[in-house]
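Notes follow once the structure below has been shown.
The values are calculated or read from the model by the stated rules, or taken from the named source; none is laboratory data. All figures in this text were calculated on a predicted structure; none of them were measured in a lab. Here the Cβ positions follow ideal geometry from the backbone for every residue, glycine too, while neighbour counts run over all protein chains shown.
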Amino acid sequence: MIIVSVTVAATHLGLANAQQQNNETGGPQSMAANTTNTNIVLVHGTAVDGSFWNKVIPILQNAGHKVVAAQLPLHSLADDIDTVKREIGLAGGPVTLVGHSYGGFVISNAAYNNPNVTGLVYLSAFAPDEGQSLGDFVDPSKLPKGFSILDSGGFVHINPDMFAQVLAQDIDPGEVKVLAAAQKPYNQSISTEKSGPPAWKQLPTWYGVTENDRIVPPDAQHLFANQINATVLSINSSHASPLSHPNEVAQLILDATKGK
């Protein structure tokens, strides 16, 4: 989960340019996915690890899919991309790749020119164009005072007392306390690393907009979804939708595996 409030302008996202490219190439949706025995690779964001998907994974497995939740180091964007590329390679094709929040940066890069990946699912996620960084979309000044804490190694932690009100207001308080206690800090350098050519210009895309999100504003999410020409599902959820609305999240992913 990204831990800063986000401000996104349509011009910053480059919507006109992306739409022109889609028109010139026939658009991402023109590429049909092979959904036979589709594997699913789930990619978390900052502050959490692969267990963030624990409520979604059983639903996907019960539907007959092989599922892997990547464990990002969160030391650098480059390391995280390489981690997901390895998971894609182990899974084999076809793969539906899913990214939550900062995970959108990771999947946009890891799937580029990757023949195993047949579809991308963005969930409350950033969908950067080439050359953009996380710092282009975030505004730390809008954070509540004391929300983020920097340790001596340059890693960002979230104040456990603010987890619920900002990130997960629709989750059981006891569950949020565990989530906050087990959080995975991320290196602040991730915010400045530039994204490479995006896979969303090559592949079909889906986007889950969390309409009660207090971190990545829903309006910004809709702009991202428009930029990548995604099939959109609106979820009445906080930023932590895999925990609060796992059925809706799982259905979005299952639709993507079928190319729906």
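Worth a mention:
- Selected residue (criterion: surrounded by the most Cβ atoms within 10 Å (Cβ to Cβ)) from residues of the stretch 211-234 that are part of a strand (DSSP E or B) and of a type in the set (S, T, N, Q): T231
- Of all residues in the stretch 54-80, those satisfying the criterion of being hydrophobic (A, V, I, L, M, F, W, C), crowded, with 19+ Cβ neighbours inside 10 Å and part of a helix (DSSP H, G or I) are I57, L60, L77.
- Matching residues, the stretch 158-210, being assigned to a helix (DSSP H, G or I), of a type in the set (A, V, I, L, M, F, W, C) and more than 28 Å from V232 (Cβ to Cβ): M162, V178, A180, A181
- Matching residues, the stretch 38-53, being under 22 Å from P185 (Cα atoms) and part of a loop (DSSP other than H, G, I, E, B): H44, G45, T46, V48, D49
- Filtered residues of the stretch 104-116 (kept if more than 19 Å from A225 (Cβ to Cβ) and either surrounded by 24 or more Cβ atoms within 10 Å (Cβ to Cβ) or in contact with a Lys or Arg (Cβ under 8 Å, 6 or more places away or on another chain) (or both)): A110, N114
- Sole exception among (1) in contact with a Leu (Cβ under 7 Å, 6 or more places away or on another chain); (2) buried (at least 24 other Cβ atoms within 10 Å of the Cβ); (3) within 20 Å of F52 (Cα to Cα); (4) not hydrophobic (A, V, I, L, M, F, W, C) for T83, by number: (2)
- Failed item in (1) within 20 Å of E211 (Cα to Cα); (2) surrounded by fewer than 24 Cβ atoms within 10 Å (Cβ to Cβ); (3) of a type outside the set (A, V, I, L, M), with Y122 passing the rest: (2)
- Subset of the stretch 134-157 that is among the small types (G, A, S) and in a loop (DSSP other than H, G, I, E, B) - its residue that is farthest from I190 (Cα to Cα): G146
- Count of residues meeting criterion [surrounded by 19 or more Cβ atoms within 10 Å (Cβ to Cβ), β-branched (V, I, T) and under 22 Å from L77 (Cβ atoms)] in the stretch 147-189: 2
- Tabulated pairs, the stretch 66-94, first under 11 Å from V41 (Cα atoms), second of a type in the set (D, E, K, R) and not in a loop (DSSP other than H, G, I, E, B), C-beta under 6 angstrom, 6+ apart or interchain: V68/E87; A70/E87
- S133, sole failed condition from (1) at pLDDT below 95; (2) surrounded by fewer than 19 Cβ atoms within 10 Å (Cβ to Cβ); (3) among the hydroxyl-bearing types (S, T, Y); (4) within 16 Å of the chain's Cα centre (by Cα): (1)
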